[in-house]
Structure formats: structure tokens, C-alpha cells
Amino acid sequence: MSIDPVTLAAILGMALATYACRFGGLMIGGRLAPTGRTKAAVDAIPPAVLTAVIAPTLLATGWPETLAGALTILAATRLPLIGVIGVGVASIVALRFLAGG
Amino acid sequence: MSEIAADSWSEFRDGLVELSPAMIAAAPIALLYGAIATSKGLSPLEVALSSALVFAGGAQLAAIELWTNPVPVAALVLSTFLINARYILMSASLAPKVAHLPFAANLVGFHVLADENWALAERRAARRRITAAYFFGMGAVFWLNWVLWSWAGTVLGPLLGDPKRFGADFAFTAIFIGLVAGFVTTRHHGIVVIASALAATAAYVAVGSPWHVLAGAFAGMAAAVIFWREEKTA
């Protein structure tokens, strides 16, 4: 077990950057009560951000990912989260096998 | 007193039940992180420390991708900030819903705010008041789950082989799809998701990671503003 000083600096820097985001939101949020269009924009943040994180995997990786994503989205309309994960993992393994990967 | 304790216990248990799929989905991702980080030369202690202090799966995986020798500290911190900038917005959105909880507890509780427990807390806040037992209990367990599986990855990783063979990497994608589906209750939200997906993919292809996260976030927000109608909030 060892800790390299440069690695530690990177970890601490990453930790500070992340906590600043979480803390910053906590500070801002209590003072804002958005309405109308502003509220619509704020309400759109969760689905927009979650979608953005995975969109390249689904749309710009390969056809097995795109097809498995479509099956997973279909599963998400009728199954609980654990079933959605099951369908996603099973379909990606099968489709990558078919793709020869 | 015992009623309060019973309520707290039931709130804590509610949190665990809601969180359990996310905990199961996080395990392979944490294992993957621990395994890849080990292959990049991080010690098990460094891996566990990074998971405990950063506690952000997407940013940690991205950092490990960028990890070289010498360690590009500034690039890692910038990438982490860009990927986690969403937490400013997410925390801001959740803050009023937990404002009744002790501030000092929120300072710690928000450190363990991740996509999954945040989404669950938002969903619950839409239906009922968030309690300390629910919010902090769920956060603590999710944090412990992430740190322990990351550490396990440093041990098991070298034995597992290529994680892609088991589709473990896609568990991350599947859980995000499930979480997004939970938000899409109206056609209005469907438009937000489509706008975000297209903008994020375009930015990813044109500029690369992690800019796609900001591009998608702002495209989704723009779509929400453009397609907003008065009666939605009336």
C-alpha cells in the first residue's frame, strides 16, 4: 500500500472540483424558486444531463450498442430498473458476439 | 420515541429498496474502475481513496482513461469539473427539497450525491417529504458500496479479464436509460431527451469527451425553454 504524491495531488484536485460543484449547487439552490420558463429549464436538467452522458455510447460507438440501446429503452418502458439492466447487459453481450467482437 | 425510530427505520429501508438496483449496477462499474486503475499503476489504497473522496463514477472512469505518466493533474481536474458540472445544477434542484434537514448534515450528504441517489431523491421529493433517514442513509450506503467494490476491483480485476466480454460496461448505460425513462412522463420531456442526445453525440464526435455532457445539458434546457407552454406550470 503506497501513495504517490502526484497521484494524491490529482485525487485531491478531482475531489475538490467535484465537491465544489455539489456544494455550489447546495448554496445556490436554497435561494432560487424558479417559475415559468426558468423552471422548465431547471426541470429539464436531470433528463438532459443523464441522456448526454450516455448518448455517444448509444449513437456513436457501433451498431451493437445502438441496437442494444434501443432494446434497453424498450425494456425501460415496461420493466423495473433491475430488469432494464438485465436486458441491456444480455443484449449487448449477444449483439457483440454476433458482430464478431 | 419508538414510533420515530420505527419511522426512521422504515424510511431508511425505503431508501435501500429504491437504491438496490443502482447498487447492483454500480458494482461492476466500480470493479471495472478498480481493475483499470490498477492496470494504470494506482495502488489499491489510491483507488479506494479516489472513490471515497471523488465519488463520481463517470468522472473517475474518464480520469482513468486520461491517466498517463507523468500524471496530467490539470487535465484530470478540468475533465472532472466538466463532467461533474452537472452536480451544480442537480444539487441546486435538490437543495430546496432538503432545506429542512440540518445544514451540517447536508454538507456531508451532498458529498455523496451521485446521479442515481439524486434521481431517486428527486422522484421521492415529488411525492413526499425527504427525511434524514432516507436521504443520508441511502447516501452512506451508496458511498460504502462504491468504495468497497472499487477496492475489490483492484484485487479481482486482474482475474476477471476483459469486462466487455460480460457486458459490464453496458450496465452503466442501461441504468442511465432506466433513470431517464423515469423522468420522461410527458411529450415535452421526450423532446428534451432527443435534443440532448443529438447535441451530445454531435459534440462528442466534433470535440470529444467531456464536452458532450455540457452540450447535451444546454441543448435539453434550450429545448425545454423553447417548447415551454404557459399551462404546464399553471
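The values are calculated or read from the model by the stated rules, or taken from the named source; none is laboratory data. Worth saying up front: this structure is predicted, and the values here are computed from it rather than measured. Neighbour counts are summed over all protein chains in view; Cβ atoms, including those assigned to glycine, are modelled from backbone coordinates with ideal geometry. Please note that ligands, DNA and RNA were not included when accessible areas were found on the heavy atoms of the full protein model with its side chains. Shrake-Rupley method; radii C 1.70, N 1.55, O 1.52, S 1.80 Å.
Set side by side, the residues A:T51, A:T57, A:T72, A:T66 differ, and just one is in a helix (DSSP H, G or I), more than 7 Å from chain B (Cβ to nearest Cβ), hydroxyl-bearing (S, T, Y) and under 18 Å from B:D169 (Cα atoms), which is A:T66.
Yes/no per residue for (1) surrounded by 17 or more Cβ atoms within 10 Å (Cβ to Cβ); (2) modelled with pLDDT under 95; (3) more than 18 Å from the chain's Cα centre (by Cα):
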{"position": "A:V49", "(1), (2), (3)": "yes, yes, no"}
{"position": "A:L59", "(1), (2), (3)": "yes, no, no"}
{"position": "A:E65", "(1), (2), (3)": "yes, no, no"}
{"position": "A:I82", "(1), (2), (3)": "no, yes, no"}
{"position": "A:R96", "(1), (2), (3)": "yes, yes, yes"}
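Looking at the stretch B:120-228, the helices (runs of 4 or more DSSP H) lying wholly inside it that each contain 3 or more residues that are at the interface with chain A (Cβ under 10 Å from one of its Cβ atoms), open to solvent by less than 50 Å² (accessible area, probe 1.4 Å) and not charged (D, E, K, R) sit at B:168-183, B:187-206, B:211-226.
Regarding A:R37, is this residue surrounded by fewer than 20 Cβ atoms within 10 Å (Cβ to Cβ) and either within 21 Å of B:A119 (Cα to Cα) or in contact with a Pro (Cβ under 7 Å, 6 or more places away or on another chain) (or both)? It would help to see each step written out before you state the result.
Values: surrounded by fewer than 20 Cβ atoms within 10 Å (Cβ to Cβ): yes; either within 21 Å of B:A119 (Cα to Cα) or in contact with a Pro (Cβ under 7 Å, 6 or more places away or on another chain) (or both): no.
In short, no.
Here B:T38 clears all of (1) more than 7 Å from every other protein chain (Cβ to nearest Cβ); (2) crowded, with 22+ Cβ neighbours inside 10 Å except the condition numbered (2).
The residue that is nearest to the other protein chains (Cβ to nearest Cβ), among those in the stretch B:72-100 that are open to solvent by 20 Å² or more (accessible area, probe 1.4 Å) and part of a loop (DSSP other than H, G, I, E, B), is B:A99. Is it the case that some residue within the stretch A:23-41 is under 18 Å from the mean Cα position of the chain (by Cα) and either facing chain B (nearest Cβ under 7 Å) or assigned to a helix (DSSP H, G or I) (or both)? No, the conditions are met nowhere in the stretch A:23-41.
Taking the stated definitions as given, is B:S2 of a type in the set (S, T, N, Q) and at pLDDT 90 or above?
Numbers: of a type in the set (S, T, N, Q): yes; at pLDDT 90 or above: no.
No, not satisfied.
Take the conditions under 30 Å from B:P44 (Cα atoms), free of Cβ contacts under 8 Å to residues at least 40 places away in the same chain and out of contact with any Cys (no Cβ under 7 Å at 6 or more places or on another chain) and apply them to B:L198. Does it pass? Considered against the rule, which asks whether it is under 30 Å from B:P44 (Cα atoms), free of Cβ contacts under 8 Å to residues at least 40 places away in the same chain and out of contact with any Cys (no Cβ under 7 Å at 6 or more places or on another chain), B:L198 comes out as no.
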